[in-house]
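Here the structure comes first, spelled out in structure tokens, and everything after it is commentary.
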Amino acid sequence: MSKQGRPAPNEAAGKSRDGFTSSFGVLAATLGSAVGLGNIWKFPYVTGANGGAGFLVVYLLATLLVGLPVMIAEITLGRRAKADAVSTLRKLAPARQPWWLVGVAGVLAAFLIMSFYSEVAGWVFAYVFKALRGDILSSDPKLTSAAFGALISDPLQALLWQWGVLLLIGGILMCGVAKGIEAVTKKLMPLLFILLLVIGVRSLMLPGAAAGLSFLFTPDWSKLNAGVVLVAMGLAFFKLSIGMGTMITYGSYFRDEQNVPATTLRVMAADLFVSMLAGIAIFPAVFSFGFKPEAGPSLLFITIPAVFASMPMGHLFMVLFFVLSAVAATGAMLSLLEVPVSVMVGRLGISRLRATVLSLLLLALVGASCALSNSTLAGVKLFGMTFFDLFDYLSSNILLPLGGICICLFVGWVWGKSKLQAALSNDGTLANGAVVGVVYLLLKCITPLLIALVMLKGLGWL
Ligand code: PFF
């Protein structure tokens, strides 16, 4: 029951909560959320557009100093409260302090991200079929570009692929946390690693691969500025699924004996490994065939098919590559949609089935604005951006960092060290006092200050 205000309906009912059932399940689901199109679609093109290795260094720093502590904080809060993102902050905050609004902002962020994410995922699923049929097998980027243009500028196709993806994700979520999310991610994650290794090794064996590697690993500091640092930090938030209650929600499904800092570190390391492997799979191939890495969001859909078409056995590898991307997108979308679904179940007291259907309907509506961004609504711009670009920018560069600051301040200044210590050490079972000390110091002072500075400077307000 809540310490304050109305009890959440599902708390009052006193039902036992669905959750992850094994240590591997926890890891697979959490990694499934972190790993996604962020690694395979966003990371390569953002790194390409922002100068390669120099950007990578800033991104690594953002992951360690900002991403890691915020992720630990979110998971810990969720596990303590065993509730959805809004209820968790209501339960753990002192009476009459509106920290639960952070959870509400998280639900909003989930809808914004899911709107454009499900669209890109729709393109990926469409490309699995196109790759299988050999439709996009051309080494001429003009032809692959025309094929991509035809897909995204057809309103019906764009909408149908997006809604198809939403139905798939909704169907899995309806099966529950253990039987849906955990069961599916336990199968998908190993598959993802195998596919990525196969493609990475293939790409490294190409002639001229060294140029791609040096682009990824030799820093060019001249491209760095405040805006680029903000993008790197936004990417760290997006990558680790933090700042919007996703990890609070998944934390609430964690088992009590799970070592939270160790699990978080593993997830972060594995996520970085996937991004690097994706970079290693993509850049050498891009350079080897004389393409440009700065192609932007279309890198995955225009350059990559042309690259695969240029290599021996490219057809097979292209199919594998898009299956891999679809697999990665699925785990991430499950966690995105779980945020509003769990809040609806927890706060409105409706069944999981209804909450999922309601979320899907809302998303089909809001998401359509992104799906139609390249056709019917191409001319509609807010702040000079299409809905697709606006939702992407708003979520990564504003909503998630703001959510991150609030989580840090809440744990550092409101919840306090003794509660964090008790929660992170599994009530004294783990001897991790030093880890708790460092996490607490970061959360209380360093991380929120860093996020605020990067945001203000990156947005040009400082
Ligand atoms: N981390 C996912 C990716 O990198 O693709 C995207 C994401 C999932 C962002 C879940 C936010 C979230 F809550």
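Every read-out reported here was derived from the displayed coordinates using simple, explicitly stated rules and does not represent laboratory data. Note that the structure is a prediction, hence the values are computed from the model and not measured. FYI the Cβ positions are ideal-geometry reconstructions off the backbone, even for glycines, and counts take in every protein chain you see.
Using the Stokes-Einstein relation with a Kirkwood hydrodynamic radius computed over Cα pairs, the translational diffusion coefficient of segment 362-462 at 25 °C and a viscosity of 0.890 mPa s comes to 149 µm²/s. What the Cβ-Cβ distance of residue 452 and residue 266 gives, at R0 = 22 Å and to the nearest 0.05, is a FRET efficiency of 0.15. As a rough guide to protection, the peptides 359-369, 40-50 ranked by mean Cβ packing within 10 Å, highest first, stand as 40-50, 359-369. Among the listed pairs 419/444; 91/179; 42/239; 42/82; 42/223; 179/239, which have their C-alpha atoms separated by more than 21 angstrom in this model? In this structure, 91/179; 42/82; 179/239 exceed 21 Å between Cα atoms. Using the Cβ-Cβ distance between residue 414 and residue 16 with R0 = 30 Å, the FRET efficiency computed as 1/(1 + (r/R0)^6) comes to roughly 0.55. Under the simplified labelling scheme, the residue 178-residue 380 pair shows an inter-label distance of 4.4 nm, with each label point 7 Å from Cα along Cα→Cβ.
Note on segment 175-238: Cα-only Rg and Dmax are 18.3, 50 Å.
Based on the Stokes-Einstein relation at 25 °C and a viscosity of 0.890 mPa s, and on the Kirkwood radius from alpha carbon pairs, the chain is assigned a translational diffusion coefficient of 110 µm²/s.
Counted residue by residue at 0.36 nm each, then reduced by the alpha carbon distance between them, the extension gain from residue 316 to residue 218 reaches 32.2 nm. Once the chain from residue 422 to residue 361 is taken as fully extended at 0.36 nm per residue, the excess over their C-alpha distance is 17.9 nm. Modelled this way, with points 7 Å down the Cα-to-C-beta line, the labels at residue 398 and residue 150 are 3.8 nm from one another.
Calculated mean residue ellipticity at 222 nm for the chain: -21000 deg cm²/dmol, from DSSP H runs with n ≥ 4 weighted as -39500 (n - 2.57), summed, divided by the residue count and rounded to 500. Most tightly packed first, judged by the mean number of other beta-carbon atoms within 10 Å of their residues, the peptides 167-178, 303-314 read 303-314, 167-178. Note on the chain: dipole from Cβ charges, positive end direction compared against 436, 190, 264; the farthest Cα belongs to 436. Backbone geometry of segment 369-379 corresponds, through the Karplus equation with coefficients 6.51, -1.76 and 1.60 at θ = phi - 60°, to 3J(HN,Hα) couplings of 4, 7, 4, 9, 4, 9, 9, 3, 9, 4, x Hz, x marking Gly and Pro.
When only Cα pairs below 8 angstrom with a gap of at least 6 residues are kept, the chain shows a relative contact order of 33 percent.
Label-to-label distance for residue 197 and residue 132 is 2.6 nm, based on points extended 7 Å past Cα in the beta-carbon direction. Segment 401-462 and segment 92-152 have Cα centres lying 30 Å from one another. Relative to the first principal axis of the alpha-carbon coordinates of the chain, what is the inclination of helix 68-81, with its axis defined by its Cα atoms, in degrees from 0 to 90 and to the nearest 10? Tilt relative to the chain: about 50 degrees.
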